[in-house]
Each structure stands twice: as structure tokens, then as C-alpha cells.
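The values are calculated or read from the model by the stated rules, or taken from the named source; none is laboratory data. Keep in mind the model is a prediction, meaning the values are calculated, not measured. Neighbour counts are summed over all protein chains in view; Cβ atoms, including those assigned to glycine, are modelled from backbone coordinates with ideal geometry.
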Amino acid sequence: MPKSFGVLPSGETASLYTISCGQLQAAVSDYGATLVKLLIPDREGNLADVVLGYDDCNGYRQGTACLGATVGRNANRTKNACFVLGGKTYSMTPNENGNNLHSGPDHYFQRMWQVVSCEESAITLELHSPHGDQGFPGNAVIRVTYALEPEGRLVITYKATCDRDTVFNLTNHSYFNLAGQQNTDAAVRQILTIPGQFFTPDDAENIPTGELRPVAGTPMDFRVPKPICQDIAADYEPLKLQGGYDHNWEVFCDPCAILHDPLSGRSMAVTTDCPGIQFYAGNFLDETGKGGVHYGAHAGIALETQYYPDCLHHPDWPQPITKAGETYRSQTIYRFF
């Protein structure tokens, strides 16, 4: 049975749904289709919540860090808050330095979603997004499914259809701390592996320059596992511009990232059908989270699977366009071991 997750200013009541499989447990809210909790065993079998979040729906309504968020229609940044599709220019609302971030300000993760089904180990939620919503064309129906599966897998599946050609580039914006969400100092000491050979450097406004730069010989090289803190403050322009890691890497193999916490022994492997993964080291986190825990800088690590940021302005990159009547489908798997 769902539990109350607070009342919104509109009078709507948000709910929290719990799913489980083996030792894994997750809690998802219909406010924002948000991943609120994820309990994973450590090397001794002790469970801990490994995602950052808030205690109720109003924390998510007021928060600014996209904790656990389902992001769409287009994740990440779009230069000048506009794009061209089918010869027509579509304008979004500028919400960051004249650009658009995560399709806001009317974010999907700050809306009520409808629960389509909820079983012991899976929940599916749905959102109707009308033509012109956030500036995007077409009436869209969007579904996200969270499923816990054997072998320690959290599977997030997105499906969407639209009556016009449109943009679909959905992601989950959870911040992971495999030591447990309360052990905030431990997150930046997690060991990260990203096999990607190229990343996309950004300008001062976090917009990709269009370059695909080799990671070899740079602090962006995670092909050999290393602590996130090892090079995060390196004298390297892409890091200095963004205050640390907040960049997109190519995805060409599975897994596309592995995160390991030496303190607890927990590890997480990320597999996706998306062409890119954004690694954000929580450089500007400043939130009061679950149980009153303060999430400061680097208290959690986001690994967002998606199309490259601003890809709509780079036609030689993979494009997140779904034709009218066709079904968009994407899946990301987080495997814990």
C-alpha cells in the first residue's frame, strides 16, 4: 500500500510506493516519478539508502538539485533555449544563462504523475504532456518503469509516443553515494571507471563546444579506475570552468560506468542504450536532505544516461528525435554487487 508523501500547495496528496526484490528495496513517488530511496546491502549484508533525496514531496518541490528526478522531454542543456525541427524553430524558456536546462522551469519532476501499475518489484508511472508543453511539439504520453530484478538490478525503462515529430531524451538524475546517503564525505572518495575514450568539453556556460576530445593524458581519463577526488581540482580548463566534473562521455560499451565504494564494498555498474553519460560530481550541491542530512558539494555522484548535451545543435551527433506515431524506448540498468 502506498504511504502519504505530503500535500502540495494545490491540495494534491503525493504518495510513496515501495517495491522490493530479494534484498533490494526502492521507494518511488508519484510526485515527479522520483526515485526517493534505494536500499542496497554492503559486503556484510547491511542495508543502506544509497541515493540522495528529501523527506517529503515539498522537499522535491522546493529543491534545486534534481535529486532522484525523472527529467524530460529533453535532459541537460540546449543552447539559446531553442532548436529547429522539421524546418521550424521551437523556443523553450531560458532558465540558465540564456540557455535551457532540463526543459524547465516547468519540470516533469515537479508534476504529479499517474500510477499505471504497481507490483511487488515494479512500478510504472505516466505523464501526459500537451502540444507546446515546455515549447516542444506534439501531444505526448510518457511512461517510466522502475523495476528491481534478480542479480541486484534496478532497471529504468522509458516509453513515449507523440502525435508529431518531437524530442524525447529522458534520464534519471539520482545522486549516488554507495557508502549511504548520510556519509556525505565518502562520496567523492568512491572509485569511478568510465571506459569512454572521448568527452565533450564545455564552454563557460556548460554548453558543449562541439569537440570530441580524447581523454588520454587528461584528468578526464577514467579508463583506469581512480578516486573521483584524485583529479577533481586539477589545473585543467574543463574542470575549472565547471567547478569540477560535470561533463558528457561517449558510451560505446557495457557497462559504460562502474562506481565502487571502498568503505562499504558496494559497487554499481551502469548499462544503457543511450549514446552518452553525464558524470556530475555534485559540485554545487547545497541541500537539506533525508533525515536532516546536509548535502554539500560532492555529497553524491550523478551518472545520467542520455543523448549528448545540446545535440540538437550538432546534427553530426546522435539525435533524440522520435517521429510522429513511433514509440520512443530507452533503458538504463544499474547493477549492484
All positions within the stretch 1-33 that are surrounded by 19 or more Cβ atoms within 10 Å (Cβ to Cβ), touching a Leu at 6+ places or on another chain (Cβ under 8 Å) and not charged (D, E, K, R): Phe5, Ala14, Ile19, Leu24, Ala26, Ala27, Val28, Ser29, Tyr31, Ala33
Taking the criterion of being of a type in the set (D, E, K, R) and farther than 18 Å from Phe222 by Cβ, would at least one residue in the stretch 302-320 satisfy it? yes
Does the stretch 329-336 include one or more residues that are without any contact (Cβ under 8 Å) to a residue 40 or more places away in the chain and in contact with a strand residue (DSSP E or B) (Cβ under 7 Å, 6 or more places away or on another chain)? no
Are any residues in the stretch 72-92 surrounded by 24 or more Cβ atoms within 10 Å (Cβ to Cβ) and under 22 Å from Thr327 (Cα atoms), and if so, which ones? Gly72, Arg73, Asn74, Ala75, Asn76
All but one of (1) without any contact (Cβ under 8 Å) to a residue 12 or more places away in the chain; (2) buried (at least 18 other Cβ atoms within 10 Å of the Cβ) hold for Ser117; which doesn't? (2)
All but one of (1) out of contact with any strand residue (DSSP E or B) (no Cβ under 7 Å at 6 or more places or on another chain); (2) modelled with pLDDT of 95 or more; (3) within 23 Å of Glu149 (Cα to Cα); (4) not aromatic (Phe, Trp, Tyr) hold for Cys66; state the number of the condition that does not hold. (3)
Exactly one of these conditions fails for Gln62: (1) free of Cβ contacts under 8 Å to residues at least 12 places away in the same chain; (2) crowded, with 17+ Cβ neighbours inside 10 Å. Give me its number. (2)
Give the residues of the stretch 196-218 that are under 19 Å from the mean Cα position of the chain (by Cα) and assigned to a strand (DSSP E or B), sorted by residue number. Phe199, Thr200, Asp202, Pro208
Count of the stretch 176-199 residues which are of a type in the set (S, T, N, Q), closer than 21 Å to Thr271 by Cβ and in contact with a Phe, Trp or Tyr (Cβ under 7 Å, 6 or more places away or on another chain): 1
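Kindly indicate whether Pro105 is without any contact (Cβ under 8 Å) to a residue 24 or more places away in the chain, surrounded by fewer than 18 Cβ atoms within 10 Å (Cβ to Cβ) and over 23 Å from Gly11 (Cβ atoms). Break it down stepwise before answering.
Working: without any contact (Cβ under 8 Å) to a residue 24 or more places away in the chain: yes; surrounded by fewer than 18 Cβ atoms within 10 Å (Cβ to Cβ): yes; over 23 Å from Gly11 (Cβ atoms): no.
No.
Let's see how each residue does on (1) farther than 30 Å from Glu96 by Cα; (2) over 19 Å from the mean Cα position of the chain (by Cα):
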| site | (1), (2) |
| --- | --- |
| Gln23 | yes, yes |
| Asp30 | no, no |
| Lys37 | no, no |
| Asp56 | no, yes |
Candidates Ala216, Ala186 - the one that is under 28 Å from Thr64 (Cα atoms) and surrounded by fewer than 22 Cβ atoms within 10 Å (Cβ to Cβ): Ala186
Of the residues Glu211, Glu250, only one is surrounded by fewer than 23 Cβ atoms within 10 Å (Cβ to Cβ), within 30 Å of Asn97 (Cα to Cα) and in contact (Cβ under 8 Å) with a residue 40 or more places away in the chain; which? Glu250
